[in-house]
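Q: My questions all concern the structure below.
The values are calculated or read from the model by the stated rules, or taken from the named source; none is laboratory data. Here the structure is a predicted model, which is why all the values come from computation and not from measurement. Using ideal geometry, Cβ is built from the backbone for each residue, glycine included, and neighbour counts are taken over all protein chains shown.
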Amino acid sequence: MVKRSRIDQIIKLTQCGWRAYEGQATDVVYDNLDCGVKGRARWFAKGDLLVCIGCERACTLPCPDGFQLPLFKYPAPPRPAFRLPPDQLLAKRLLLTVNETAYVLNISPRQIRNLIHTGQLRSTQDLPRRVPVEDVRAMLAQVDLFVPDSELALDEKARAMP
């Protein structure tokens, strides 16, 4: 079982930008450190520094020989929530999920569920709930778009230009 102090160490290290080192260290490294817990070694790297939290000694090595070049696994960039813009979603679908409806209307899924509960939006009875596209379009038509006066003035000036 992992001790709580080790979990705290891992949390602190990762919050400070340290990454888990998943490479192999040669036996020479452990011999030079006079380390008796080679099998429990857990190394973290940041730049050219490596620190081991396998035991209480917490050995730190600057730019050590005997380690493989660290190749970190960075998380994949997040995928966009929806591949289609709102207007294409409305054009290609007959029913939208709660999350898609929230995306199109630019409000939270919780607000969509509240609109369904109060009867302002229709939905399917079966789960997962689906909202008819025509209801979403009707709700979009009710939105009063606010355009600042400064933008209206710029638009009029643009029309006046030859």
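Q: Could you go through the stretch 6-22 and let me know if any residue there is modelled with pLDDT under 80, more than 30 Å from Val143 (Cα to Cα) and part of a helix (DSSP H, G or I).
A: Initially, the stretch 6-22 is screened for residues modelled with pLDDT under 80, giving 6, 22.
Filter once more, so that each one left must be more than 30 Å from Val143 (Cα to Cα): 6, 22.
Narrowing the set further to residues that are part of a helix (DSSP H, G or I) leaves 6.
Yes, the conditions are met somewhere in the stretch 6-22.
Q: Would you call Val133 among the hydrophobic types (A, V, I, L, M, F, W, C) and at pLDDT below 95? Before the answer, list the steps.
A: Values: among the hydrophobic types (A, V, I, L, M, F, W, C): yes; at pLDDT below 95: no.
Here the answer is no, as Val133 does not meet what is asked.
Q: Further, regarding this structure: I'm trying to understand the selection: among the residues of the stretch 39-54, which are outside any strand (DSSP E or B) and surrounded by 14 or more Cβ atoms within 10 Å (Cβ to Cβ)?
A: The answer is Ala41, Arg42, Ile53, Gly54.
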